[in-house]
Amino acid sequence: MSRFVDKLPLFDRRPSPMEEAEGLPRSGYLGQLHHHQYYQPHSNMLPLEQSPPTSTKHTSVTLAQLLKRVNDARSGSSTPISSPRYTIELGGSKPESVSSESDDHHSDDGGSEGQPRALVLKFTDLTYSVKQRRKGSCLPFRRAAADEPELPAMRTLLDGISGEARDGEIMAVLGASGSGKSTLIDALANRIAKESLHGSVTINGESIDSNLLKVISAYVRQEDLLYPMLTVEETLMFAAEFRLPRSLPTREKKKRVKELIDQLGLKRAANTIIGDEGHRGVSGGERRRVSIGVDIIHNPIMLFLDEPTSGLDSTSAFMVVTVLKAIAQSGSVVVMSIHQPSYRILGLLDRLLFLSRGKTVYYGPPSELPPFFLDFGKPIPDNENPTEFALDLIKEMETETEGTKRLAEHNAAWQLKHHGEGRGYGGKPGMSLKEAISASISRGKLVSGATDGTVSVAASDHSAPPPSSSSVSKFVNPFWIEMGVLTRRAFINTKRTPEVFIIRLAAVLVTGFILATIFWRLDESPKGVQERLGFFAIAMSTMYYTCSDALPVFLSERYIFLRETAYNAYRRSSYVLSHTIVGFPSLVVLSFAFALTTFFSVGLAGGVNGFFYFVAIVLASFWAGSGFATFLSGVVTHVMLGFPVVLSTLAYFLLFSGFFINRDRIPRYWLWFHYISLVKYPYEAVMQNEFGDPTRCFVRGVQMFDNTPLAALPAAVKVRVLQSMSASLGVNIGTGTCITTGPDFLKQQAITDFGKWECLWITVAWGFLFRILFYISLLLGSRNKRR
Ligand SMILES: Nc1ncnc2c1ncn2[C@@H]1O[C@H](COP(=O)(O)OP(=O)(O)OP(=O)(O)O)[C@@H](O)[C@H]1O
């Protein structure tokens, strides 16, 4: 572990000036690891392994003053060291200096409470209720059973929760399953719609602009949402490209990824793919750590995590919380929910908030748990993990009729008695929000969306202008860089799942082969004409059917997309465009494959030009069809919903295309469907490509009796019928006279609306339209807030 901790770049592992000056061993995290003493009053500081906790205030002041003196002496000036330095505090550590200004404040006070902080996230009286539906209440005829308890219309998930989280510390939210932990984290991370959440959440006393919060914060979800075919390193590198400032050179981004891989203990898995059900990849614990890594890559100023340690073994969980602690100590506010912290993890937590059915039943440092429960009349037995004890007691009380009401009241009284009205532990911010963010950037925090100037200047210059929502751009990268990164990622994903394309190609080739053998070398007789019609109708609708595999593509990555766009990793338009670009070459290959297997074997007209037009219209059909399936994938939430919709809609498109019933025979009130049928346009296009030539004749002389009851007559009889017909009509119709040319046939089929090129462009336009609709569905459908 010590080797692992030594590698943590976020910790200042250099010997502190005081250590150097006094020849003391290194302070830092190890000192804390070796001293799991939770029952010290939380204001105590244990700065060094050997230091007895005498007068905390005295120790801290002396340390701070000494540090300042040594710093001054070493630098030969009074300029403060800009990198963060930490003293180790029981139950947490805190930055000694955020700026020269805050240094002074720290010197004045020394205790962890009541000090001015760089960042204070304060939440007051947070209350959130949701409408509650009784099972089956949507059925008007359902009657509640006599013994069924009447449920209230609203359910309160958070009930007047107050507290604060501060930079340098980890605040942990604890409670039984369903107590409201995730809901509280969502409320703090601005993931609940304003109109639904009552109470206030402020940072340094100011309510924060949603876009600015997205830039300075990160939210780690409970679920792992990762691309299965990317390796651990690639996953983190893409996260770095989306979250680190664009002014940071790629070399630095790579370095940061390597550091994070080391910190999270992922070195051995770095080149392994994430994996899924079908592909063996990293272990569940490693995947969890990668998920966390993706969101902490930029060392965010505000970090919210929903059960980051769930599913991890105790060593990995400790490793993760250690990294979180390092992030906190580099000047971030870290809020996380956790089920049952081990002893070691508890030593890294600074502030605990226990919830029971949406109410606070304990709020304070771990060190106050024993006196709190002693005062409540339930002393924590020696050697028992205090959080385990608290959770067990809470669970037990929840089963009683009164619930945890008494404990909640005890907590309220405790807060009032020990921490006064404000319940804020006195950690007042020493600067405004903008100044605090600016100071964070100065200390090396990478505010992803900050403009080039702000970041580069801020990294070295304390006088850098503080960023605001106006000086921080919404997106990290410009459009074309996003496009490049997304295209590269989509390309890698596609390349690593060749089976998807191979199956599609196989489906097209098999269909082409079957059609080629069935419609082999069609002649120009009326029968051949009918068969051509059948070939075109089935060919064009097959194009669309094979496109339905585009449906699961977005559905499978929908939640990754939602996670990434929640923090403005990229524009939705870049996503749509990059996926279109990556998918297009495969459409071209499929079009050629289908055209080559069918065009010549069926004996279609037009020679080389006709062939390329045929390729173009097949490609346009694939383009429109995949656009349609992609659009649906943005609207439906599950593939099981999507497939029936795609398949039935395509069946209707075929029905109204003009093949089964021509336009003139379609009832007027259904005519609109004929015009929105995706199959109509490519069908009419290939028909015109085939029958557009007026010099080609498809019905000559007695062939006019084909497909009629007279077809069965002997040829000589048909010739006589033809002669008598021409005599009675007074026209000369011989056996070689052309009765129906191609254009005549098109007229009979009511294919007169558009020319063949118009049909091609309309099909292409459909493809664009569906992609625009897909984009709109992403805009409207990817709200990340609870209502
Ligand atoms: N939209 C909703 N409608 C009704 N109840 C809801 C809704 N959302 C959440 N809940 C309920 O609110 C309670 C708190 O949910 P929350 O996810 O915050 O719990 P949790 O403490 O994070 O649980 P866990 O530890 O199991 O993740 C749960 O009982 C849940 O069923």
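The values are calculated or read from the model by the stated rules, or taken from the named source; none is laboratory data. Just so we're clear, the structure is a prediction, and the values are computed from it rather than from any experiment. All Cβ positions, even for glycine, are placed from backbone atoms using ideal geometry, and neighbour counts span all protein chains on display. SASA here: full protein model, heavy atoms, side chains in, ligands and nucleic acids out. Shrake-Rupley method; radii C 1.70, N 1.55, O 1.52, S 1.80 Å.
How much accessible area per residue does segment 247-404 have, counting only protein heavy atoms and a probe of 1.4 Å, in square angstrom? Walk me through the numbers on the way to the answer.
Values: 5590 Å² over 158 residues.
With the other protein chains kept in place, segment 247-404 gives 35 Å² per residue.
Give me the extension gain from R521 to M725: residue separation times 0.36 nm, minus the current Cα-Cα distance, reported in nm with one decimal.
On the way: separation 204, 0.36 × 204 = 73.44 nm, distance 3.25 nm.
So the chain would gain 70.2 nm between R521 and M725.
Given the pairs K122/K258; K122/K253; K325/K405; K194/K254; K495/K756; K122/K417, which span a C-alpha to C-alpha distance of over 30 angstrom in this model?
On the way: K122/K258 34 Å; K122/K253 33 Å; K325/K405 33 Å; K194/K254 38 Å; K495/K756 36 Å; K122/K417 20 Å.
Cα-Cα > 30 Å for K122/K258; K122/K253; K325/K405; K194/K254; K495/K756; rest within.
What distance in nm separates the two pseudo spin-label positions at I676 and E531, each 7 Å out from Cα along the beta-carbon direction?
3.7
Find how much the distance from N732 to H419 grows on full extension, using 0.36 nm per residue of separation minus their present alpha carbon separation; answer in nm with one decimal. Don't skip to the answer; put the middle values down first.
Numbers: separation 313, 0.36 × 313 = 112.68 nm, distance 11.18 nm.
Length gained between N732 and H419: 101.5 nm.
Heavy-atom accessible area per residue, segment 479-781, 1.4 Å probe: how many Å²? Don't jump to the answer; show the numbers that get you there.
Numbers: 13710 Å² over 303 residues.
Per-residue accessible area for segment 479-781 comes out at 45 Å².
Using a 1.4 angstrom probe on the protein heavy atoms only, could you order D313, D706, D664 from most to least accessible area? List each step's numbers first, then the result.
On the way: D313 85, D706 40, D664 105 Å².
Ranked list, largest accessible area first: D664, D313, D706.
Carbon and sulfur together cover what percent of the accessible area of segment 275-330 at a 1.4 Å probe radius? Each step should come with its number before you reach the end.
Numbers: 600 of 1370 Å².
Roughly 44 percent, rounded to a whole number.
From the backbone phi of segment 663-670, what are the Karplus-calculated ³J(HN,Hα) couplings (6.51 cos²θ - 1.76 cosθ + 1.60, θ = phi - 60°) in whole Hz, Gly and Pro given as x?
Once rounded to whole Hz, the list reads 3, 5, 9, 6, x, 3, 6, 9.
Just check segment 603-761 against the gyration tensor rule for me: Cα atoms, a ≥ b ≥ c as the square roots of the eigenvalues, rounded for a/c under 1.5, and otherwise prolate or oblate depending on whether a/b exceeds b/c.
Working: a/c = 3.02, a/b = 2.16, b/c = 1.40.
Since a/c reaches 1.5 and a/b is larger than b/c, the shape of segment 603-761 is classed as prolate.
For segment 570-577, what does the Karplus curve 6.51 cos²θ - 1.76 cosθ + 1.60, with θ = phi - 60°, yield as ³J(HN,Hα) per residue in whole Hz, taken in order and with x for Gly and Pro?
Whole-Hz 3J(HN,Hα) from phi for segment 570-577: 7, 7, 5, 5, 5, 4, 4, 5.
Using the beta-carbon distance between K495 and T250 and R0 = 25 Å, what value does 1/(1 + (r/R0)^6) give for FRET efficiency, to the nearest 0.05?
Values: r = 21 Å, r/R0 = 0.85.
Once rounded, the FRET efficiency stands at 0.75.
Note the full-extension length gain between K267 and I560 as 0.36 nm times their separation in residues minus their Cα-Cα distance, in nm to one decimal.
Details: separation 293, 0.36 × 293 = 105.48 nm, distance 2.38 nm.
Result for the pair: 103.1 nm of gain on full extension.
On the full set of protein chains, 1.4 Å probe, figure out the accessible area of K122 and give it in Å² to the nearest 10.
The value for K122 is about 70 Å².
How large is the accessible surface of L780 in square angstrom, using a 1.4 angstrom probe and rounding to the nearest 10?
110
Hey, any idea what % of segment 479-781's accessible area is carbon plus sulfur with a 1.4 Å probe?
Details: 9660 of 13710 Å².
Heavy-atom surface of segment 479-781 belonging to carbon and sulfur, 1.4 Å probe: 70 percent.
Quick one: which residues, 5+ away or cross-chain, put their amide H under 5 Å from the amide H of S217? H built at 1.01 Å from N.
M302
Mind grabbing the base-10 log of I(q)/I(0) for segment 479-781 at q = 0.06, 0.08 Å⁻¹? Debye formula, identical points on the C-alpha positions, no solvent, two decimal places.
So the normalised log intensities work out to -0.26, -0.43.
So how do M543, M704 rank on accessible area, 1.4 Å probe, biggest first, that is with the largest at the start?
Values: M543 5, M704 50 Å².
The ranking, largest first, comes out as M704, M543.
Leaving ligands, DNA and RNA out of it, work out the accessible area of E557 with a 1.4 Å probe and give it in Å² to the nearest 10.
Probe radius 1.4 Å; accessible area of E557 about 20 Å².
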